[in-house]
Amino acid sequence: MRVKAAAGASARERLLAAADELFYAEGVHTVGIDRVIERAGVAKASLYNTFGSKEELVKAYLEGRHANMAARITRHVERCTDPRDRLLAVFEAQGELYAEPWFRGCAFASATAESPGEAVSRTADHYRDWVRGLLTGLARDAGAPDPEALGQQLHLVYDGASQSARMDRDPSTAKTARVAAGLLLDAALAGR
């Protein structure tokens, strides 16, 4: 999910690439705007003219993370035709992310813990709503009699897998999460 600004990129693109790299690796609270500006190679006025504040830069950084994660998950889900496989593909997408050497856990959990401003919280909530909605929709497609309940359960597995992969430094956590998700789906379908 790391984003590098291309040669000739706009100030906005360079700022977002620098923010993505620094905020994710070191934390949004720890990294000051001067470091982001220096890494991006832009004037301080460019940051304020483009984003207005550090909180808005953090919000844009998280929106970029959301877009990248949504694209990754969608790629995995769309490779499958079977509804069960489509649901489990979400956890395969997580495994791909966990295997990256720069993986540092959930950017949204970290950012809201470090910088609990209104814009950051709303952006994290939007991402979490998207994940829950995706899992609920896939549960519905798979025939779960109570897709909302299963979606909530799967969301807990999704979140827990990310935390475990980060804390244990173990990318294979995604395989365990996929198995747990399959068991939850099977139990839900058996209860029809």
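Within the range 177-192, count every residue that is surrounded by fewer than 17 Cβ atoms within 10 Å (Cβ to Cβ) and of a type outside the set (Gly, Ala, Ser). Talk me through it step by step, then tell me what you get.
Quick first cut of the range 177-192, residues surrounded by fewer than 17 Cβ atoms within 10 Å (Cβ to Cβ) only: 179, 182-183, 186-187, 189-192.
Among the residues that remain, those that are also of a type outside the set (Gly, Ala, Ser) are: 179, 183, 186, 189, 192.
Summing the residues that are surrounded by fewer than 17 Cβ atoms within 10 Å (Cβ to Cβ) and of a type outside the set (Gly, Ala, Ser) in the range 177-192 gives 5.
I'm trying to understand the selection: among the residues of the range 130-148, which are in contact (Cβ under 8 Å) with a residue 24 or more places away in the chain and not aromatic (Phe, Trp, Tyr)? Spell out the reasoning first.
At the first step, the residues of the range 130-148 found to be in contact (Cβ under 8 Å) with a residue 24 or more places away in the chain are 130-131, 134-135, 138-139, 141-146.
Passing the criteria: 131, 134, 135, 138, 139, 141, 142, 143, 144, 145, 146.
Of the numbered conditions (1) touching a residue at least 24 places away in the same chain (Cβ under 8 Å); (2) surrounded by 15 or more Cβ atoms within 10 Å (Cβ to Cβ); (3) within 17 Å of the chain's Cα centre (by Cα); (4) not assigned by TED's automatic domain parsing to the domain that holds residue 108, residue 64 fails exactly one; give the number of that condition.
That leaves (4) as the condition not met.
Mind checking whether some residue in the range 60-69 is part of a helix (DSSP H, G or I), of a type in the set (A, V, I, L, M) and out of contact with any helix residue (DSSP H, G or I) (no Cβ under 8 Å at 6 or more places or on another chain)? It would help to see each step written out before you state the result.
Here is the first cut: in the range 60-69, the ones part of a helix (DSSP H, G or I) are 60-69.
If we keep only those that are of a type in the set (A, V, I, L, M) as well, we get 60, 62, 67, 69.
From what's left, out of contact with any helix residue (DSSP H, G or I) (no Cβ under 8 Å at 6 or more places or on another chain): 67.
Taking every residue of the range 60-69 in turn, at least one turns out to be part of a helix (DSSP H, G or I), of a type in the set (A, V, I, L, M) and out of contact with any helix residue (DSSP H, G or I) (no Cβ under 8 Å at 6 or more places or on another chain).
Working carefully through the options 44, 4, find the one that is within 29 Å of residue 165 (Cα to Cα) and either modelled with pLDDT under 95 or polar (S, T, N, Q) (or both). Don't jump to the end; show me each part of the working.
Working: 44 fails: within 29 Å of residue 165 (Cα to Cα).
None of the other options fit; the residue is 4.
List pairs: first residue in the range 35-57 and free of Cβ contacts under 8 Å to residues at least 40 places away in the same chain, second residue exposed (fewer than 13 other Cβ atoms within 10 Å of the Cβ) anywhere in the structure, Cβ distance under 7 angstrom, at least six positions apart or on different chains.
Once the first residue is free of Cβ contacts under 8 Å to residues at least 40 places away in the same chain and sits in the range 35-57, its partners that are exposed (fewer than 13 other Cβ atoms within 10 Å of the Cβ) give 37/44.
May I ask you to list the residues in the range 81-100 that are hydroxyl-bearing (Ser, Thr, Tyr) and either touching a Lys or Arg at 6+ places or on another chain (Cβ under 6 Å) or under 13 Å from residue 175 (Cβ atoms) (or both)?
Taking the range 81-100 as the starting set, the residues that turn out to be hydroxyl-bearing (Ser, Thr, Tyr) are 81, 98.
Of everything in the range 81-100, just one residue is hydroxyl-bearing (Ser, Thr, Tyr) and either touching a Lys or Arg at 6+ places or on another chain (Cβ under 6 Å) or under 13 Å from residue 175 (Cβ atoms) (or both), namely 98.
Of all residues being loosely packed, with under 14 Cβ neighbours inside 10 Å and in a helix (DSSP H, G or I) in the range 9-46, which is nearest to the chain's Cα centre (by Cα)? Just the residue, please.
Residue satisfying both the conditions and the ranking: 25.
Looking at (1) modelled with pLDDT of 95 or more; (2) assigned to a helix (DSSP H, G or I), which is the only condition residue 143 fails?
Residue 143 satisfies all of (1) modelled with pLDDT of 95 or more; (2) assigned to a helix (DSSP H, G or I) except (2).
The values are calculated or read from the model by the stated rules, or taken from the named source; none is laboratory data. Remember, it's a predicted structure, so these values are computed and weren't measured experimentally. Neighbour counts are summed over all protein chains in view; Cβ atoms, including those assigned to glycine, are modelled from backbone coordinates with ideal geometry.
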